Amino acid sequence: MHSPIPIAVLISGRGSNMRALIERSREQTQPYRVALVLSDQPAAAGLAIARDLGVATRSVPATKSADRVGYDRLLADAIDGCAPALIVLAGFMRILSGEFVDRYAGRILNIHPSLLPKYPGLHTHRRVLAAHDPAHGATVHFVTAELDGGPPVIQARVQIFPDDDEATLAARVQAQEHKIYPLAVRWYGEGRLRCREGRAWLDGAALKEPVLYDDGDPGREH
């Protein structure tokens, strides 16, 4: 078995997806390890969680005078210190510059709490409830310069119930995020998932649509 690939996880808050990634990486069969957790917020709760789990952390706080490109260069310098094969955004609330995205083209994943291309941006749970949609979910996608517009990889769906509010819906979506994000990173670490020609490729074939996660299929992860 090849050595696990190093990944860097970027957070701005408590990093629940980060924790899921770290915990899953401890399984013997996982082809990745979390080499660094980095935040733009020095007081982010997720940094303490990562340290408690034995993972190296760094913060790169943004100053009021820092422009996006200048900040992203500092961020890249910090990331490059651990030479990650993949950068994973887990609740990182800064919009990355085109220069940063180009620097790591095809090597940045993000998870978004909606069934993209529906509801890019913020407040997705509120917006989906206001629209009275029957279903909601989360999408793992490669990052491009277009906000939440990169090639999708995998989605998980949840039913919306009549008595749902933002909190109950968010909790069910997040539970699915903790399953599909480690799975997508695993695929990347195994060499099965790549991004090229503006598409996500899985097992040598371009995905015409994102994989729909089936929670009842025990073979899905393999």
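Give the lysines reachable from K179 as a straight Cα distance under 27 Å; neighbours fewer than 8 places away on the same chain don't count.
Once the sequence-local lysines are set aside, what remains near K179 is K118, K208.
Using the charge dipole of the stretch 117-222 (Lys, Arg: +1 at Cβ; Asp, Glu: -1 at Cβ; taken about the Cα centre), state which of L212, H141, G189 has its Cα farthest towards the positive end.
G189
Is there a quick way to get the dipole size of the chain? I mean about its Cα centre, with the Cβ of Lys and Arg at +1 and of Asp and Glu at -1; what is the value in debye to the nearest 20?
Numbers: 26 positive and 26 negative charges, 82 e Å.
It comes to approximately 400 debye.
Using a Gaussian network model of the chain with C-alpha springs under 10 Å, which one of L202, L36, L53 is most mobile by mean-square fluctuation?
L53
Can you tell me, using C-alpha contacts under 8 Å and at least 6 residues apart, the relative contact order of the chain as a whole percent?
18
Which residues make up the longest stretch of the chain clear of GluC sites (Glu not before Pro) that lie in a DSSP loop with no more than 15 other Cβ atoms within 10 Å, not counting the sites?
The segment 28-145 is the longest one with no such site.
Select from the stretch 1-70 those trypsin sites (Lys or Arg not before Pro) which occupy a DSSP coil region and have at most 11 other Cβ atoms within 10 Å, ordered by residue number.
When the trypsin sites (Lys or Arg not before Pro) of the stretch 1-70 are filtered for loop state and at most 11 Cβ neighbours within 10 Å, R26, K64 remain.
Considering only the chain, what is the antiparallel percent among its DSSP beta bridges, to the nearest 5?
45
Suppose each label sits 7 Å from its Cα in the direction of the beta carbon; what would the C82-K118 distance come out to in nanometres?
Rounded to a tenth, the inter-label distance reads 3.5 nm.
Which value, in Å³ per residue, describes the convex hull spanned by the Cα atoms of the stretch 5-212? Walk me through the intermediate numbers first.
Details: hull volume 25.2 nm³, N = 208.
Hull volume normalised by residue count: 121 Å³.
If I model a spin label as a point 7 Å beyond the Cα along the Cα-Cβ vector, how far apart are those points for E99 and R58 in nm?
Output for this residue pair reads 1.7 nm.
Normalised by the residues of the stretch 134-210, what does the relative contact order come to in percent, with Cα pairs under 8 Å and at least six apart?
With pairs under 8 Å counted, the relative contact order is 30 percent.
Using only DSSP helix segments of four residues or longer, with each worth -39500 (n - 2.57), what per-residue ellipticity at 222 nm results for the chain after dividing by its residue count and rounding to 500? Before the final figure, lay out the partial values.
Working: 6 runs with 68 residues, N = 222.
The per-residue figure over the chain is -9500 deg cm²/dmol.
When the chain is modelled as a GNM with alpha-carbon springs shorter than 10 Å, which of I22, I11, I95 fluctuates the most?
Sorting by GNM fluctuation, first place goes to I95.
Rule-based calculations on the coordinates, nothing more; no lab input. What you see is a predicted model; the values in this text were computed from it and never measured. Note that we place each Cβ from the backbone using ideal geometry, even for glycine, and neighbour counts take in every protein chain shown.
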